[in-house]
Amino acid sequence: MMEALNGLLSGFGVILTPANLYLCFLGSLIGTLVGVLPGVGPLAALALLLPVTFTLSPIGGMVMLASIFYGAMYGGSTTSILLNIPGEAASVVTCIDGHQMARQGRAGPALGIAAIGSFIAGTLGVVIMTFFAPAIAAAAIRFGPPENFALMVLGLICTLFMISGSTIKGVLMIALGFLTATVGLDVVNGRERYTFSSVDLSGGIELLALVIGLFGVAEILSNVETMAKTTLLADRIRGLWPSLADWHASWRAILRGSGLGFVLGLVPGGGPVTAAFMSYALEKRIAAQPDRFGKGAIEGVAGPESANNSAVAGSLIPVLSLGIPSNPVTALLLGALIIQGIQPGPLFIAQRPDLFWGIVASMYIGNVFLLLLNLPLVGLWVQFLRIPYRVMFPVVLLLCVVGTYSANKNVFDLWVMLGFGVTGYVLRKLEYDLAPFVIAFVLAPLLEQSLRQSLVMSSDGAMILIKRPVTALLLAASVALTFLMFRRRTKTEGGLP
Amino acid sequence: MFERTLNVFWIVLGASSAVYAWSLGMIGPAGPESGLFPFIASIIVSGAGIVLLLRPATHARALDFPQGGSLWRVLGVILGLIVMAVGMPYLGFSVTSFITMIILLRTVDRSSWISAVTLAFISTASVFWLFGQMLGMALPRGPWGW
Amino acid sequence: MKWAGIAYALVVALLSAPAGAQGDPKAEVAKLKPKDFPTQPIEFTVVYPAGGGMDVSARLLAKHVENLSGDRIIVNNRTGGAGMVGHSYLATQAKPDGYTVGVIASLLWGDAMLRAQGRWSFTDLEPIAYVNSDALIWVGSTEGPYKGMSIKDVVNAAKDKPNTIRVATVPGSMWDYILDQIEANSGAKFLRVPFQGGGAGITALVGGNVDIAQGFYSEFRGHLEGGKVAPLAVAAAGRLDYLKDMPTFNEAFGSNEYLWQLVRYAVVPKGTPADRKAYLAAAVQTAMKDPELIAEYRKQGVFFDPKLQNSKDLTADLNAYAEVERQFYVKTGRLK
């Protein structure tokens, strides 16, 4: 405990130099910008800016890259709320209630709560990191395929809670998401599935192209169809700050999101995207009136936006304490360290306390920078809604194209985006909820892979899932939740629709 | 009517996908094979399609698919995206997006030529600068080298 | 954002000011620069995700080539299909105009022979310079029932208790192939647990979910220093400098067929104009002689194959290695 505080203080000593502070601020700025731009996410930005870190000191480079990562989680909610177009995959759920709030003239409070929730969650995450990183890392490393599988199953069950409207259609979307995720290589044996001899398809469907298509292009198509209003927001904007009532509704969601996001950031295949979705499902599940969700419930913004921020802190623990990345962004951060000649591993904290604590300290400061940056910007962003849509949408469409292209520099992704755009547009008209499709698409690969790995690993087949305590616990929770869900649905809707 | 078609589509999609998944193999010595998960998912898709088809229509409202002007606007956006995807490898990003913006602004939006060209130029240039120069991303270049 | 751009440029300029007396190699390279080339940034294509071993090697190389030649180089990750998407792009779609350089690994050969189905061959990519090599290493845990065992002990244990020793593998590539060889030669039977890459297997090893993992030095170095893993054997021709106590597979089993290395080299698409190809080759080869780069690579744990480093005809030598691999595929029935 004391050791951690000492370390933290030394970290502040490292970070509080003009150069490092400047880099932290620069990273926060770039991160926010990258988050705001639809499609371009932290992964693309980090890959592009990696060469810049060559000329910086290791601490400077890492501080900048890390602040871009969590900065993007701040900015991602902006276009989600204002335009119903996600700034990146982790902000998809924010569109659902956030945009509804904007339509009700409450874009300001939505953006404000997103920023403040992000700050609280980000800071809480770093606090946990400060005191518990090594212990958590030691526990996290024991998470093997069976535990991953159980966690993914739990996540999938939670997805069922997210379904708004017809349950059957929701289940269909989940199954379709699963199916779409199998396009590409089967990781377990290297065989091609559903690729029809297309090399591009053998790489699988790019998540970003899918998300931007389903939520960005489809949204533009819908709006363009009804160009009745000239701006997205005909009414006056009601207030720029969250009201006391908003606070009352949100603070618990923020705390829950922080906790959930942190845990989900730790596990492989988790990360900010899964965290945001799960938080939304959780909030919807435990809300007193779940029907408010989808119509502008502020918990639907506060929870997910907090979750994706604390997930950043969570995902940094395995990579900094053990040298094990849990998602592509942290893999890139690891690469950046390696290029600098530093090899993170279990001895990283002991060998390079200046780096570890410097990064941790910078996260406290970075979150403050981001709060100071984003809150005043709320007023600016809200003005964007006044731009006539007919002028805005071509630019937004262009940004979507570039954002999607930035993922793999492959024009094929643009076709994927277009295809899903049209599909999303049609499905929306026919009242299909698209969010479960996306989360199933994200969870399916790891779920399938973990199950098959577990079965191979185990000497007695499926019994491994019961013999390992954490796995058994998570699976039991899934079963329990399923019962609860059906009970609730039958109660409120008088039978399965 | 559209709902019906879509439900039939789900059934057909699920069925054909299930057949393909079957050919990949279901269960092997080491547990599930490549085809098992897609097969289960496909069956669920088909099953859901059947259930939806058999349900009495719960809403009597006509499906408001776009007509006339709306339809053209929607098609205009789709056309714009097709132009981007087809043109970028050959003409490069800048030229293609300039053309696309003009198409969008003129057809979907009915701007005047002057405002269309101006806005197209400014937005293309800004995006190119932001991504190409500031972030250092390699946007495709056309035969002219930019 | 403008001042961010200025700041970036300032930082880069100030911190990467070229050292004065480097005239000679730079001048040599500059002499070969063709007229009107390059007018735009050159792309170094990496077919694996950012942050991985290949990516790190490529970025270090790009950094040095950029300093040496003064040209702007952008590293681009074209990922997907375990490298297949990127390899296909390089072999069939990349324009042979000198603006695309692939920094690839010898896994290209497997993709070309087994998965390209005649659409392209690895001869569609012309090697211009050798970068480095990484040899596959087997590591065990420092805890658990197999700790302290040598490689021979492990294989014997696998023979006595077939299908109980869990080995992390990456299906469809050399991780599997070396297992095939060992099992065929010794009668042992390992339980293969599939993962997406060597690194994931190392993670599983440290977490106690597999008993043996296969990977490259850079993937487990941190854990080695932390005392969590113990290297067992390396599939190279000779022992590695930094792991002198670890035998090679060939030593341990008295054979010469356990040679599984990743050879990293730079290529250009076939048909690149000769002058541009020569310039790029000179730039990369000169960068490879830079002691600073060599030191950085050594830190990654890669080694330099002397045959390829001093090769007079890189293409022929690489093709010779590829041919050995092809023979393996024919022998094991993967290729007709």
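The values are calculated or read from the model by the stated rules, or taken from the named source; none is laboratory data. Bear in mind that the values here come from a model prediction, so they are computed numbers and not experimental data. So basically every Cβ, Gly included, is an ideal-geometry build from the backbone, and we count neighbours across all protein chains shown.
Observations on the structure shown:
- Set side by side, the residues B:Leu36, B:Leu52, B:Leu81, B:Leu91 differ, and just one is in contact (Cβ under 8 Å) with a residue 40 or more places away in the chain and within 28 Å of A:Ala440 (Cα to Cα), which is B:Leu52.
- In segment B:30-59, the residue that is farthest from A:Thr423 (Cα to Cα) out of those that are more than 10 Å from chain A (Cβ to nearest Cβ) and outside any helix (DSSP H, G or I) is B:Pro56.
- Every test in (1) surrounded by fewer than 20 Cβ atoms within 10 Å (Cβ to Cβ); (2) within 30 Å of A:Gly190 (Cα to Cα) is passed by B:Trp129 save one, and that test is (2).
- Flag for B:Ser112 being more than 9 Å from chain A (Cβ to nearest Cβ), farther than 14 Å from A:Val401 by Cβ and either crowded, with 19+ Cβ neighbours inside 10 Å or modelled with pLDDT under 85 (or both): yes
- Set side by side, the residues A:Val312, A:Val329, A:Val301 differ, and just one is among the β-branched types (Val, Ile, Thr), under 19 Å from A:Ala90 (Cβ atoms) and either within 10 Å of chain C (Cβ to nearest Cβ) or part of a loop (DSSP other than H, G, I, E, B) (or both), which is A:Val329.
- In this structure, A:Leu418 does satisfy being touching a residue at least 40 places away in the same chain (Cβ under 8 Å), touching a Gly at 6+ places or on another chain (Cβ under 8 Å) and closer than 17 Å to B:Thr100 by Cβ.
- Scanning segment C:154-171 for residues that are on the phi > 0 side of the Ramachandran plot, part of a loop (DSSP other than H, G, I, E, B) and in contact with a helix residue (DSSP H, G or I) (Cβ under 9 Å, 6 or more places away or on another chain) turns up nothing.
- A:Ala110 part of a helix (DSSP H, G or I), at pLDDT below 90 and small (Gly, Ala, Ser): no
- When the criteria are applied in full, A:Thr123 meets the requirement of being within 15 Å of A:Met73 (Cα to Cα) and either under 21 Å from the mean Cα position of the chain (by Cα) or of a type in the set (Val, Ile, Thr) (or both).
- Scanning segment C:16-25 turns up one or more residues that are facing chain A (nearest Cβ under 8 Å), touching a helix residue (DSSP H, G or I) at 6+ places or on another chain (Cβ under 8 Å) and at pLDDT below 85.
- Enumeration of residues in segment A:190-201 that are within 11 Å of chain C (Cβ to nearest Cβ) and touching a helix residue (DSSP H, G or I) at 6+ places or on another chain (Cβ under 9 Å): A:Gly190, A:Arg191, A:Glu192, A:Thr195, A:Ser198, A:Val199, A:Asp200, A:Leu201
- All positions within segment C:44-53 that are out of contact with any strand residue (DSSP E or B) (no Cβ under 6 Å at 6 or more places or on another chain), buried (at least 24 other Cβ atoms within 10 Å of the Cβ) and in contact (Cβ under 8 Å) with a residue 24 or more places away in the chain: C:Val47, C:Gly52, C:Gly53
- Counted residues, segment A:391-425 - those being at the interface with chain B (Cβ under 7 Å from one of its Cβ atoms), part of a helix (DSSP H, G or I) and among the β-branched types (Val, Ile, Thr): 5
- Some residue of segment C:179-195 being assigned to a loop (DSSP other than H, G, I, E, B), within 12 Å of another protein chain (Cβ to nearest Cβ) and either surrounded by fewer than 18 Cβ atoms within 10 Å (Cβ to Cβ) or basic (Lys, Arg) (or both): no
- Failed item in (1) more than 12 Å from every other protein chain (Cβ to nearest Cβ); (2) more than 17 Å from A:Thr404 (Cα to Cα); (3) surrounded by 24 or more Cβ atoms within 10 Å (Cβ to Cβ), with A:Leu9 passing the rest: (3)
- From the list C:Pro41, C:Pro96, the one residue that fits, being touching a residue at least 24 places away in the same chain (Cβ under 8 Å), out of contact with any helix residue (DSSP H, G or I) (no Cβ under 7 Å at 6 or more places or on another chain) and at the interface with another protein chain (Cβ under 10 Å from one of its Cβ atoms), is C:Pro41.
- Some residue of segment C:54-75 being within 12 Å of chain A (Cβ to nearest Cβ), free of Cβ contacts under 8 Å to residues at least 40 places away in the same chain and touching a Lys or Arg at 6+ places or on another chain (Cβ under 6 Å): yes
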